[in-house]
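Scroll down for the structure; my scribbles are underneath it.
Read-outs throughout are calculated quantities, based only on the coordinates presented, and are distinct from any laboratory measurement. Worth saying up front: this structure is predicted, and the values here are computed from it rather than measured. Using ideal geometry, Cβ is built from the backbone for each residue, glycine included, and neighbour counts are taken over all protein chains shown.
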Amino acid sequence: MNINRSFLEKCNFFNGLEILELTPEWVQSFTDSEGNFNYYYRESKSSAISFSISQNLHDYHLMLSLKKGTGKIYPLSLNGSFNSAEEYLNDRTSLGLNSVIRYEINSKVSHKKIVIPFFNKYPLYTIKSLDFEDWKTLISMSDTKEYKTVVGKEKTIAISKGMNRGRNSSNIS
């Protein structure tokens, strides 16, 4: 449907609309489809933990609607205007790159106060629910510094490698 529409046509569909009121059920379903629970183990400094949703740049209004609560939209160079979004798209296209933007929450405090309570109340229904449970386990292990032991480090790495694209039918319980 959108394949022959220009970037501006896609963006202008939302232009002038207020920030969308997204229901919890909508966010729940959208996350089941598009969300990621990320954990990156780093030996030299603290691990990176985040919740993110990526979309094409023309869905910038949607990302702003998600951002109402907390989190950031990357690239940070976008200042909320479609002019900056179009410039970003043109720069990326000229370099042969895609036009993806990402909504991300990477604060452990926000994970505990917003993300975890939300998905505990509105559980995910797909395999992503297993990623969420693993992600919560990794956050808990991070809090207790379990990753600093040899066994904890191995467990952390094994759990994180089995999440998202690393999950297959043989490790679904």
Virtual spin-label span in nm between GLU25 and TYR125, 7 Å along Cα→Cβ: 1.0
Two-site label geometry, ALA48 and GLU146: point separation in nm, points 7 Å out along Cα→Cβ: 2.4
Members of LYS67/LYS153; LYS67/LYS155; LYS113/LYS148; LYS45/LYS161 lying beyond 28 Å, as alpha-carbon distances in this model show: LYS67/LYS153; LYS67/LYS155
Rough spin-label spacing in nm, given labels placed 7 Å along Cα→Cβ, for ARG165 and ASN90: 3.2
